[in-house]
Amino acid sequence: MKRRDFLSAAIVGASTLSGCLSMLSSSHSDTPLPDVPTGAWTQYGADEANTFATNVSAPSQGNLAWTSEVFTRWQPVVSDGTVYITNFDPSNDGSAIALDAQDGTEQWRTTLNASGDHGTAVLNDRFFVAYDTELVALDPQTGERIWTEPTNGPDSSELLVADEATGTVLVASTGGIEAFRAANGEKRWETDTVRQLARSPAVYDGRVFAVGKVDGAPSLVAVSLKDGTERWRSELTSAFEIAAPVAIQDGVIVSDDQTLVVYDRETGDRRRELYSFDETEDVIPQSVAADDGTVFVTSESGAVAVDSETGTERWRRNAPVYNPGICVGTETVVFPIDDPEFSPGTKTISVFDRESGEMRWHHVLDWAHSMTVPPVLVDGAVFYTTSSIRGLAALGDVPDQR
């Protein structure tokens, strides 16, 4: 595959400015969304394969509906009309909290007395929180503890994975990967084959794909989801990059040396270089998502959509994507961007047509705000957090409150 210049090509198409533009007020907003948001975003990468894709529609407008009274700076998970958040921070009580997804009202709170990095996931009528050296399963309706098990401790909020097909919860750390049964917390296996995982592992068809170090070398490793035994390993060209591995039917997609590489899921063979970025500008992918034959990539220099088999560009935007994070819906793609074409000098959460890359709407954050939690998409709502409002914010099809 010929290397392409990501930065120099023109943006595909002229984007219409007819989409909604709204400014985030520093005051608390309190307008319920018109309907209970459906669909789910159950973990860091939306699902166990890290596709960052969910079968839902973005709201038709991006106006601020509500902001929670509860502090958070950690990515939420969403299921069955409930948003699950945490307020872990040295100045807070380290609680797990459930909010009504339609209006943001608090449903329950369970104090865990914890702080620092942790991960959350929803699976099989359990809300999981991995923190310090514990994995706890909470009742999603009441917040009551169902079980608690010791772990080696997650290294970041992105290292907890829940596999629906097998009812398995994976906790990754500097020492390796641990697997637990979601139903009762029984430890299934532990492996230290791959250490210092860079991002959340991806699970697909009975295998776990992780990027980490093997004997000190950066590598992509596959282990059995059943018992943790190694299936194969493939050494990477460069040190860890930001994006998590993505597992799809066609293979495992990894960012390596500024290049999207597809590895064979069965053998670990390097099948092809899907897409390469400009070496002179040091463009490193921040987020990689995949759905229905298209791979979406964001970096500090822009966003691009490419065919997952040929690597052919479908569209791109040459504007800074100022935070990692991407959401792929049925018709749209959501990510934070500072695009002078429609919002010069301001940071936005923007929604684009997934086929053409044309802007549908954008929500402007005022100058005092910086995003602390990237957008999470469910049907009819986008959730995120900024440094100034300190709570969870919901965007949706509500009247503009400016």
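The values are calculated or read from the model by the stated rules, or taken from the named source; none is laboratory data. Small disclaimer: the values here were computed from a predicted structure and weren't measured. Heads up, the Cβs are rebuilt from the backbone with ideal geometry, glycines too, and the neighbour counts pull from every protein chain shown. With ligands, DNA and RNA removed, areas are computed over all heavy atoms of the protein, side chains included. Shrake-Rupley method; radii C 1.70, N 1.55, O 1.52, S 1.80 Å.
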> Going through the range 337-395 one residue at a time, which ones are among the β-branched types (Val, Ile, Thr), within 19 Å of Thr86 (Cα to Cα) and modelled with pLDDT under 95?
Replying inline: Thr372, Val373, Thr385, Thr386, Ile389
> What number goes with the only condition from (1) in a strand (DSSP E or B); (2) open to solvent by 30 Å² or more (accessible area, probe 1.4 Å); (3) more than 30 Å from Trp232 (Cα to Cα) that Glu273 does not pass?
Replying inline: (3)
>> Pull out all pairs, ordered by first then second residue, where Cβ-Cβ is under 6 Å, the residues are six or more apart or on different chains, the first lies in the range 64-84 and is farther than 14 Å from Ala381 by Cβ and in contact (Cβ under 8 Å) with a residue 60 or more places away in the chain, and the second is open to solvent by 20 Å² or more (accessible area, probe 1.4 Å) and part of a loop (DSSP other than H, G, I, E, B).
In response: Phe71/Asn92; Phe71/Arg390; Trp74/Ser157
>> Checking the condition open to solvent by 50 Å² or more (accessible area, probe 1.4 Å) and either of a type in the set (Val, Ile, Thr) or under 23 Å from Val169 (Cα atoms) (or both), which residue from Asn50, Asn113, Asn87 passes?
In response: Asn113
>> Cβ contacts < 6 Å: first residue touching a residue at least 60 places away in the same chain (Cβ under 8 Å), restricted to the range 258-270; second residue open to solvent by less than 10 Å² (accessible area, probe 1.4 Å) and among the β-branched types (Val, Ile, Thr), any location; separation 6+ or different chain. Result?
In response: Arg265/Val252
>> Looking only at the range 320-335, filter to residues that are touching a residue at least 40 places away in the same chain (Cβ under 8 Å) and under 12 Å from Gly302 (Cβ atoms); which one of those is surrounded by the fewest Cβ atoms within 10 Å (Cβ to Cβ)?
In response: Tyr322
> Taking the condition among the hydrophobic types (A, V, I, L, M, F, W, C), under 28 Å from Pro399 (Cβ atoms), open to solvent by less than 10 Å² (accessible area, probe 1.4 Å) and in contact with a Lys or Arg (Cβ under 8 Å, 6 or more places away or on another chain), does Ile97 pass?
Replying inline: yes
> Ala172 passes all but one of (1) modelled with pLDDT under 95; (2) closer than 21 Å to Asp117 by Cα; (3) open to solvent by 20 Å² or more (accessible area, probe 1.4 Å); which number fails?
Replying inline: (3)
> If you go through the range 53-71 one residue at a time, how many are open to solvent by 40 Å² or more (accessible area, probe 1.4 Å) and in contact with a Phe, Trp or Tyr (Cβ under 7 Å, 6 or more places away or on another chain)?
Replying inline: 1
>> Exactly one condition in (1) closer than 27 Å to Trp74 by Cβ; (2) touching a residue at least 60 places away in the same chain (Cβ under 8 Å) is false for Asp205; which is it?
In response: (1)
>> Condition first: closer than 16 Å to Asp80 by Cβ, without any contact (Cβ under 8 Å) to a residue 60 or more places away in the chain and part of a loop (DSSP other than H, G, I, E, B). Now tell me which residues in the range 90-113 satisfy that.
In response: Thr105
> Just one of Asp339, Asp400 is of a type in the set (D, E, K, R) and either open to solvent by 10 Å² or more (accessible area, probe 1.4 Å) or part of a strand (DSSP E or B) (or both); which is it?
Replying inline: Asp400
> Can you name every residue in the range 69-100 that is modelled with pLDDT of 95 or more and touching an Asp or Glu at 6+ places or on another chain (Cβ under 9 Å)?
Replying inline: Gly81, Thr82, Val83, Ile97, Ala98, Leu99, Asp100
>> I need a count of the residues in the range 278-307 that are farther than 23 Å from Thr348 by Cβ, open to solvent by less than 20 Å² (accessible area, probe 1.4 Å) and at pLDDT below 95.
In response: 0
>> Take residues that are of a type in the set (A, V, I, L, M, F, W, C) and open to solvent by less than 20 Å² (accessible area, probe 1.4 Å) and tell me which of the strands (runs of 3 or more DSSP E) falling wholly in the range 196-266 contain 2 or more.
In response: 202-204, 207-214, 217-224, 246-248, 251-256, 259-263
>> I need the full set of residues from the range 41-72 which are within 17 Å of Val364 (Cβ to Cβ), hydrophobic (A, V, I, L, M, F, W, C) and part of a loop (DSSP other than H, G, I, E, B), in order please.
In response: Ala58
> When the range 173-185 is examined, which residues are found to be touching a residue at least 24 places away in the same chain (Cβ under 8 Å), touching a strand residue (DSSP E or B) at 6+ places or on another chain (Cβ under 7 Å) and of a type outside the set (Phe, Trp, Tyr)?
Replying inline: Gly176, Ile177, Glu178, Ala179, Ala182, Asn184, Gly185
>> Every residue in the range 308-319 that is buried (at least 18 other Cβ atoms within 10 Å of the Cβ) and of a type in the set (Lys, Arg), please.
In response: Arg316, Arg317
